[in-house]
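Below is one structure, written out as structure tokens; comments come after it.
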Amino acid sequence: MSATHAVLGLLLNKPTYPYELGNQLERRLGPSWAVNTGQLSQIIKRLEKEGLIERVGGATGARDDRRIFAITEAGIQEFERWFSTSAPRGARLPRRPLLVKVSLAGPQRLTEALQQIDSYEDECTTELARLTSEQAKIVDGPIVRADDEFLRLALAENIIEKEGQLEWTKLARERVSWLLEQNAIWPSTRGRAGAANDEARGAREELFRDMAAERHERPKPGKRGRDSAA
Amino acid sequence: MPPDRVGPNDPRRSRGLWDDAEVILRLENVSKRYARKGDDKIALNGISLELRRGQMMGVYGSTGSGKTTLLHVAGGLETPDRGTVAYKGERLDQMSGAQLRRHRRREIGCVWAGKPWIAGLSVLEQVQLPLLLDGCDHRVAQRAARKFLLACEAGHCIDVDPEDLSDGERQRVAIARALVTEPRLLVADGAVSNLSGVEQEAIMALLGSLAHDAKVAVLIADPSARAMIGANPILYMRDGKLAGTDTATAQAKVYHLPTAGSRRSAADA
């Protein structure tokens, strides 16, 4: 899902600047919700066009980062509708580009695929460390803040996902290494030679026919042929 | 149907089909032992076999079973302690050193596993080398090398650094090099051992076509019976002995056929 409804939700409580919206998205919902200024500006424009939010104040001018936006009645209805509907497409499974690479690598590049699995694991480890330290930054004070708890939950979701991916890399490395040792059947691929293979087939047929005929055009030994008379 | 008309993978290719073809290599009661401290290692123990023109014979067995020694003896790289080795009726074991060297240069092609490169030479130079060593003109050798590289589907490797070749490409170049002198016998030891299934199949098809179309006698050894695609007969070697012409069982492994007793008796009949 996009950040559209998250923006509506943020505006539900009080009107604010777009810049503040961007900040809050990441601060309250976790790093996976971070959007850049361009994306945010597009979301705002679309929401305003659809009449779900409106400008209520701030400096005059075309730049929407100087203006304050508030949610409209239609916006509140849209948010309520979205809130009450369950996720329409169910739990969508993420696509893993690495797995695509590995499975399409072909037998010759399995070793390379293993290296990619390794570097993917490194990335996951780094990311996991970052998320964990992020989570550790949330300190429990005497006052219970709902936002803190939700951010912690959001980070936990990311952390659990990364842990799963790490687990997966271990499995992937084990299975790909195993596959390297097997005489596995691969979907046939035209090799690096490509179209040259057809040319090669013709050349081979001719050459092998000549060899079978033993028309031995054995190149004449030059002066260096020591025992040519033998 | 004459053997020429039957494809290399055709099950009809039983041993009998070669009976009219010229015998390229005949080993009779060949034995070879290596002296070692303490005990001697018996590498070959009374081996007899016959390899004919256009035949691809496969030998499989675990490491240390004597496959490599058998191929060395067949290729004239080593002389046996006992028994006779005859190439087209000529006794290898009675040849002088110079005769044997000439024989190896001209009549035998060898493909070994791994990286049989001379470091620092380009792909084209590697393939030319056997001809150059035979005193052949440089330009003639280069032309022949190109021709054979192309035929082995390794034409695209000419401009590649030998170190950058894939395992399969390396074997193709090695086969081109073994063939460039147009030998009548090719010995291949573990030539498909380190390859993936598809590459293994492709290289075996190349060797099969070499036997079938170019009428070169091919003797191939590999630890795995499953590599022996298209070979016939397929022999099992153990402790320096050929432990039976186990073509049916091996073929069952190669082609994933059910191993039934009836199949074996049908093939032998």
**Asked** A:Glu161 to A:Gln39: extension gain in nm, 0.36 nm per residue of separation minus the Cα-Cα distance?
**Response** 41.4 nm
**For the range B:197-205, Karplus couplings with θ = phi - 60° (6.51, -1.76, 1.60), whole Hz, Gly/Pro x** = x, 5, 5, 4, 4, 5, 5, 5, 5
**Prompt:** Taking 0.36 nm per residue of separation and subtracting the Cα-Cα distance, what length does fully extending B:Lys41 through B:Ser193 add?
**Reply:** 52.3 nm
**Item:** For a label point 7 Å along the Cα-to-beta-carbon line of B:Ser96, residues of the range B:118-134 with backbone N under 12 Å
**Value:** none
**Complete:** Rounded to the nearest whole number, the per residue volume of the convex hull around the C-alpha atoms of the range A:97-180 in Å³ is 71
**Request:** Could you give me the percent of Cα pairs per 5 Å distance bin for the range B:103-155, shortest bin first, beginning at zero and ending with the bin that holds the maximum distance?
**Result:** 4, 18, 25, 31, 19, 2
**Fill in**
Under the rule rounded for a/c under 1.5, else prolate if a/b exceeds b/c, else oblate, using alpha carbon gyration tensor axes a ≥ b ≥ c, the range A:4-84 is classed as oblate
**Message:** Among the listed pairs B:Lys41/B:Lys67; B:Lys88/B:Lys115; A:Lys14/A:Lys45; B:Lys115/B:Lys147; B:Lys32/B:Lys67; B:Lys88/B:Lys215, which have their C-alpha atoms separated by more than 20 angstrom in this model?
**Reply:** B:Lys88/B:Lys115; B:Lys115/B:Lys147
**Message:** Modelling each spin label as a point 7 Å along the Cα-to-Cβ direction, I'd like the B:Thr63/B:Arg238 distance in nm, to one decimal.
**Reply:** 2.0
**Message:** 5 Å is the cut-off here: which amide hydrogens, built 1.01 Å from N in the peptide plane, fall below it relative to B:Val59, excluding neighbours closer than 5 in sequence?
**Reply:** B:Ile220, B:Ala221, B:Asp222, B:Leu235
**Complete:** Scoring the range A:4-84 by relative contact order with C-alpha pairs under 8 Å, at least six apart, yields a percentage of 37
**Item:** FRET efficiency, A:Thr126 to A:Glu214 (Cβ-Cβ, R0 60 Å, nearest 0.05)
**Value:** 0.40
**Fill in**
Nearest-0.05 FRET efficiency for A:Ser32 and A:Glu199 at R0 = 60 Å, using Cβ-Cβ distance, is 0.70
**Asked** Fully extended, how many nm does the chain gain between A:Ser119 and A:Ile138 (0.36 nm per residue separation, minus their Cα-Cα distance)?
**Response** 3.9 nm
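Just so you know, all these numbers are worked out from the coordinates, no wet-lab data involved. All of these numbers come straight from a predicted model, not from anything done at the bench. Cβ coordinates were reconstructed from backbone atoms using ideal geometry, including for glycine residues, and neighbour counts include every protein chain displayed.
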